[in-house]
1. For segment 20-41, which residues satisfy the criterion of being under 22 Å from the mean Cα position of the chain (by Cα) and in contact (Cβ under 8 Å) with a residue 40 or more places away in the chain?
2. So which of 196, 181, 202 ends up being surrounded by fewer than 18 Cβ atoms within 10 Å (Cβ to Cβ) and in the same structural domain as residue 75 (by TED's automatic domain parsing)?
3. Looking at the structure I just gave you, is residue 76 out of contact with any helix residue (DSSP H, G or I) (no Cβ under 6 Å at 6 or more places or on another chain), assigned by TED's automatic domain parsing to the domain that holds residue 245 and under 30 Å from residue 253 (Cβ atoms)?
4. Confirm whether residue 90 is touching a helix residue (DSSP H, G or I) at 6+ places or on another chain (Cβ under 9 Å) and within 30 Å of residue 188 (Cβ to Cβ).
5. For segment 232-283: of the residues being farther than 16 Å from residue 216 by Cα and touching a strand residue (DSSP E or B) at 6+ places or on another chain (Cβ under 7 Å), which is modelled with the lowest pLDDT?
6. Just to confirm my filter: which helices (runs of 4 or more DSSP H) fall fully inside segment 70-177 and include at least 3 residues that are surrounded by fewer than 17 Cβ atoms within 10 Å (Cβ to Cβ) and free of Cβ contacts under 8 Å to residues at least 60 places away in the same chain?
7. Do the conditions hold for residue 205, that is, is it under 17 Å from residue 276 (Cβ atoms) and part of a helix (DSSP H, G or I)?
8. Looking at segment 230-259 only, could you name the residues that are out of contact with any helix residue (DSSP H, G or I) (no Cβ under 9 Å at 6 or more places or on another chain) and either closer than 17 Å to residue 148 by Cα or part of a helix (DSSP H, G or I) (or both)?
């Protein structure tokens, strides 16, 4: 009996340390990647000039111009547009699957959503190039390779992430909360809006953060539908070049200051992703703190 207890303690200790090691490896990988990008990119950014690099509108390495403002704007516009599509379609779909849909509908829709997650990004890009780009060109005019095509493709690509994680968050809400609300006379919609959704907000926010991170970092699908024109888009039908496209197109032959500028582009992309994540988390934490103060009877600032 004592030997069994000892073996269980050893196994429990070993599993705990294994999980700790796994977490440390994940954090270490992030640190290594972050430090490498910073060390490789910051010197080039300072050689060019931070202001000229971030706010310059012309990118022409052969002429010595390394401005990425057009790409920053294109990347942010594409990400915001994709997030609008992803949240606008993904969250209601998650609600439907978690709380409304009959079992037969769930058996059809959930595998379809999971299948979307398994499609390679190059297939999304090929679909956009063959189907979406000609459709935009024939409907709205122009070449079709545009910011609109990027937004639609990225919006579709992030749907599985938002739907799956949001559905899990909604299903994780204790059933007693829902039953208590219904028992007090609230309708099904009131219960969802005032009980289920606020309780699942952190999980839904996490899904949005992951979806946004994938959207702004996507490369292959975007390359095929963007048009690759480094300009500030005047409309969603204009051809653009994003930060990821810039790195993917030119890194293979870049050298010297040109290569350092591409790594500096990666630094900016990394910083944008971190800022978006911290901003969403700060908004979520602020709202959570406001709710706690209200429950405690403290007037929010």
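1. Correct list: 34, 37, 38.
2. Answer to the check: 202.
3. So residue 76 passes the test.
4. yes
5. 233
6. Details: elements: 103-118, 121-127, 133-140, 147-157, 159-171.
By residue number, 103-118, 133-140.
7. Spelling it out, residue 205 is indeed under 17 Å from residue 276 (Cβ atoms) and part of a helix (DSSP H, G or I).
8. 234
The values are calculated or read from the model by the stated rules, or taken from the named source; none is laboratory data. Nothing here was measured: the structure is a model prediction, and the numbers come from that model. A quick note on method: Cβ atoms are made from the backbone with ideal geometry, for glycine too, and the neighbour counts reach across all protein chains shown.
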